[in-house]
Each structure stands twice: as C-alpha cells, then as structure tokens.
Amino acid sequence: GFGLVPAFIGFCWRLTMRLIGFRPHVVYYFVTATRMGWLGRDIWCIAIARLFGAKVITHMRAGHFKHNLKSASRLEWWIIKWACHRVSWSLVQCDSLKNQFEDLAPVDRIGVVHNMIDVEKYKAVNADEYKKNAILFMGHLSEAKGYCELLKVIPTVVAKHPDIEFQFAGTKLAVERNVKHSQSTGEALPGESPDDCFEKHVAGKFEKNHVYLGMLDEQQKLVTLRQCNFLVLPSYSEGFSMAVLEAITSGKPVVSTRVGAMQDVLETGRNGELIDAGDTEGLANAILRLLDNSAYRCQVAKENASYSRKNFSQNVIADRLGDFVETALSGVKSVTQVQSSSQKHRAIR
C-alpha cells in the first residue's frame, strides 16, 4: 500500500546517510526470501552501496527463496540477477541451500556460513537431570513447521507412554504467510488447519498430553530446553533452525526433517533422528526410538553438546565470516581461495 512508500524512502535515506558518514569498505546485509522483499528493498541496498564504492556481502537465512521466485516475471528475475552479480559474496546457511541462487549469482561467489550460537549460554547443565516425559517443540505452531504432523502422532506415542507431555513453545499461526510448499518436493502443503487438526487428533482424550507454553523469554527458554528430554521440529521448510541449534548446544537430541541445513549438519544416530517431511509414521517411530532407549538418548546428547561447540560457536563462525570479508576486500572471487585462506588463518592462530 501507500504506507510502504515512506518506509522505502526512509530506508534508502538512512542507508545513504550511513554510507556517507561511515564510508564502509564492506556492507554485510541480510537479504529477504521473497520476491517483493528483493524488489522493494534488497536490490536498492545493493545498488546504493555499490554506488558509494562499498563491496557487498549478502546473507540468505531462509530456505524458500528459490520457490518464491517462481512467481517473478522475466523482468523481475533479470533485475534480481543483475543485483546478485553486483555482490562480492552471496552467502547461504549450508551447501544444500546454494541452489537458491542457481542462475542468479555466479557459482564461484556463493559461499556457506552456518548460524552461530553462544555456546556458554546454552551449554548443557546437569545433562543427566531432565524430564523423561517432556518432548519440546519450539517455533510457530503452524503447518509449515510440522505442527499438524506432530499433533497426529500424539495418540500413537501416548499409547506406549501415557504420561508423555508434548510442550509447544511459540506463536500460533492459523494461516501460513511465506511457506506454502515443501522444500524437499516442491509440492504445495496439504493446507490443513492447525485448529481442525487439534480437534480431530488431540481434543478431549489427549489434551492432558498437549501443553501450550506460549512465547518464552530467553531465561524461560533456557530452563525449558535444559529440562526437556529432546526437541522435535518436523518442518516442511527451513534455513538453519535456531531452535535445533539451541537444542543440540544444550545437549539435547533432536528429531527433525531433511530440509535446509538440517540435512547437511545432522545425522541419524549421531544427533538424533532425521525423517522426511510429512512422514507421520516415521515421526512417531523416531520419537519412540529416543523414548525407548535411554542409552541411545544419552549418547546423542553428549555428542551434540561437543559437536555444537566445535562447529557453531561464535568464534568459529566469526572466523569463517571474516574470511569472506577479507577476500571481498582483496578481490578474491573463489570459494577454493576462501577455504585456503581460512585454513592458513587457523594454522597461524
């Protein structure tokens, strides 16, 4: 609407004033995953920054950009491609998400930087003390996050574990806004109503096993994470789920789907269980495997805490991002050269 015009002008004005005032050599910018986000803001940020002589590094932290571009006209697609070719590095969250910039950005200028986390804040505390009957879900209570799939398996899990408690932390979304297709197959989501799904599979007999926690502040989240048995997030689409990263850093196994970064950084048996999106039978079996085998659960929990510290700490990811910044400044345009620079940098340290 007309309200977007002042917002657009304000964005361009603030960016221009900062470019004039600070004269940065590099602009690091989180791009959106929508066609309108690119046309209404992202391409302008790139164009204005380049006009003032700054290098630009963009970072895509989502998994559905490629699908959203299918609705773009040829002219819109060409404009976005033009902007991508003015960027020093188009960063994504894992190798599997590089195809989001397929035919848009030069292949040798698409890099990978995982999400980072404060490993000290989220580290496991008293890892052997947890509620064995508490299974946690964190994220929008929506079809795209797999909330409906999890509701469907509650009766199956409760049949074997009557005291199990599925805890849901997040905002309820009755209607999907951005994610309407499966990232794995490209097929449209079934279009199920979370409320209808709850009434059909949970209401009445299983309501005591469904606990809605609402939105948690940071301290509540830390406590809830540390107390739960494991995290379940059966999403249809992801970039790099912070909920999953927070869980493994806290020494928790995860049950997740093979979407986004999860398929690259997690392995069944090492970090928990990976299943296909929409596979309710596989979801139920994965949950039961962790509930029925405490030795397996403890082995995975220990591995996850160590794994996150080694690979996703702020220092590790900052070094990785710094390598891309350094190469942008020096004019390097090869992922191979970035990797070589990164290895040399770490050897010196």
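The values are calculated or read from the model by the stated rules, or taken from the named source; none is laboratory data. Keep in mind it's a predicted model, so treat the numbers as computed, not measured. Cβ coordinates were reconstructed from backbone atoms using ideal geometry, including for glycine residues, and neighbour counts include every protein chain displayed. We work out accessible area using only protein heavy atoms, side chains counted, and drop any ligands, DNA or RNA first. Shrake-Rupley method; radii C 1.70, N 1.55, O 1.52, S 1.80 Å.
Values as computed for the structure displayed
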item	result
Residue tally, condition buried (at least 21 other Cβ atoms within 10 Å of the Cβ) and in a strand (DSSP E or B), over region 142-166	1
Per-region count, region 107-118, residues buried (at least 18 other Cβ atoms within 10 Å of the Cβ) and either assigned to a helix (DSSP H, G or I) or out of contact with any Ser or Thr (no Cβ under 9 Å at 6 or more places or on another chain) (or both)	4
Any hit, region 226-236, residues being in a helix (DSSP H, G or I), under 19 Å from residue 127 (Cα atoms), touching a residue at least 40 places away in the same chain (Cβ under 8 Å) and open to solvent by 10 Å² or more (accessible area, probe 1.4 Å)	yes
Positions within region 12-43 being aromatic (Phe, Trp, Tyr), buried (at least 16 other Cβ atoms within 10 Å of the Cβ) and farther than 28 Å from residue 181 by Cα, in sequence order	28
Among residues of region 51-78, those that are modelled with pLDDT of 95 or more and polar (S, T, N, Q), counted	2
Output for region 92-122, where each listed residue is closer than 22 Å to residue 329 by Cα and within 14 Å of the chain's Cα centre (by Cα)	92, 93, 112, 113, 114
Tally of residues being within 21 Å of the chain's Cα centre (by Cα), open to solvent by 90 Å² or more (accessible area, probe 1.4 Å) and either in contact (Cβ under 8 Å) with a residue 12 or more places away in the chain or closer than 30 Å to residue 98 by Cβ (or both) across region 186-225	2
Residues of region 286-300 satisfying the condition of being open to solvent by 10 Å² or more (accessible area, probe 1.4 Å), part of a helix (DSSP H, G or I) and of a type outside the set (Phe, Trp, Tyr)	288, 289, 291, 292, 294, 295, 298, 299
Residue 128 modelled with pLDDT under 95, touching a helix residue (DSSP H, G or I) at 6+ places or on another chain (Cβ under 9 Å) and open to solvent by 50 Å² or more (accessible area, probe 1.4 Å)	yes
Filter result for residue 283 (assigned to a helix (DSSP H, G or I), surrounded by 15 or more Cβ atoms within 10 Å (Cβ to Cβ) and at negative phi)	yes
Residue among 91, 104, 136 that alone is part of a loop (DSSP other than H, G, I, E, B), among the hydrophobic types (A, V, I, L, M, F, W, C) and open to solvent by less than 20 Å² (accessible area, probe 1.4 Å)	104
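Table: residues versus (1) in contact with a Gly (Cβ under 7 Å, 6 or more places away or on another chain); (2) among the acidic types (Asp, Glu); (3) assigned to a loop (DSSP other than H, G, I, E, B).
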| residue | (1), (2), (3) |
| --- | --- |
| 7 | no, no, no |
| 10 | no, no, no |
| 14 | no, no, no |
| 17 | no, no, no |
| 42 | no, yes, no |
| 47 | no, no, no |
| 53 | no, no, yes |
| 62 | yes, no, yes |
| 78 | no, no, no |
